[in-house]
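Single-structure report; data block below.
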Amino acid sequence: MTNPAANLAHAYANLVQQGIEYWTDAAQRTALYLDTMRKRGNIYIEHALQGKPALLKFEHEVLIDGRQLERPCNYSLLRILPDAQSAPNLDQRPVVIVDPRAGHGPGIGGFKPDSQVGVALRAGHPVYFVTFSPEPVEGQLLADVGAAGCCPEDPT
């Protein structure tokens, strides 16, 4: 015959043990989450201190930095530099990719080898990338962005 008091005491002890395990797990997960957020914050601060450069996996050079134009804006035109696996064939048409996320993180553009940039490079195309920094330049108008993509008039 079982003792009801002993069963109740055992059930209570089991419940207390499960509660301790639950709160220990919750505390550990919270600590891991906060550590991840701290690391992510440090990465963001470092990226901001670097001037928020384009997040591309591929080596590139800045051809036009919109912040340096007569009508400053957050536009940039980059030329993707070929790597060891891709040499551009100058007979191929150039590929111009406009970053659809406007600098808000990796997108279809160029964050992995299978992105549009990687595919175009492997096919031998010269590749250019239009990107935007996350925030507009102080006083920037949409017309300024439009003007940034145009060639300046010939001064002669």
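Placing +1 at every Lys and Arg Cβ and -1 at every Asp and Glu Cβ, with all other atoms neutral, what dipole size does the chain have around its Cα centre, in debye to the nearest 20?
Numbers: 13 positive and 17 negative charges, 102 e Å.
In debye, rounded to 20, the chain gives about 480.
From the phi angles alone, apply the Karplus equation (6.51, -1.76, 1.60; θ = phi - 60°) to the stretch 77-88 and give each ³J(HN,Hα) in whole Hz, x where the residue is Gly or Pro.
Going residue by residue, I get 10, 10, 9, 7, 7, x, 9, 5, 8, 9, 10, x Hz, with x marking Gly and Pro.
Per the helix-only calculation at 222 nm, which mean residue ellipticity applies to the chain, given -39500 (n - 2.57) for every DSSP H run of n ≥ 4 and division by its residues, nearest 500 deg cm²/dmol?
Values: 3 runs with 60 residues, N = 156.
Rounded to the nearest 500, it is -13000 deg cm²/dmol.
Return the single residue from Ala27, Ala120, Ala143 with maximal mean-square fluctuation; model: Gaussian network over the chain, springs between Cα atoms under 10 Å.
Sorting by GNM fluctuation, first place goes to Ala27.
How tilted is helix 4-49 with respect to the longest principal axis of the chain? Cα atoms for both, answer in degrees (0 to 90, nearest 10).
So the inclination is approximately 20 degrees.
A short reminder: the numbers here are calculations on the coordinates, not readings from a lab. Because the structure is predicted, anything quoted here is derived from the model rather than measured. Cβ sites come from the backbone with ideal geometry, for glycine too, and all protein chains shown count toward neighbours.
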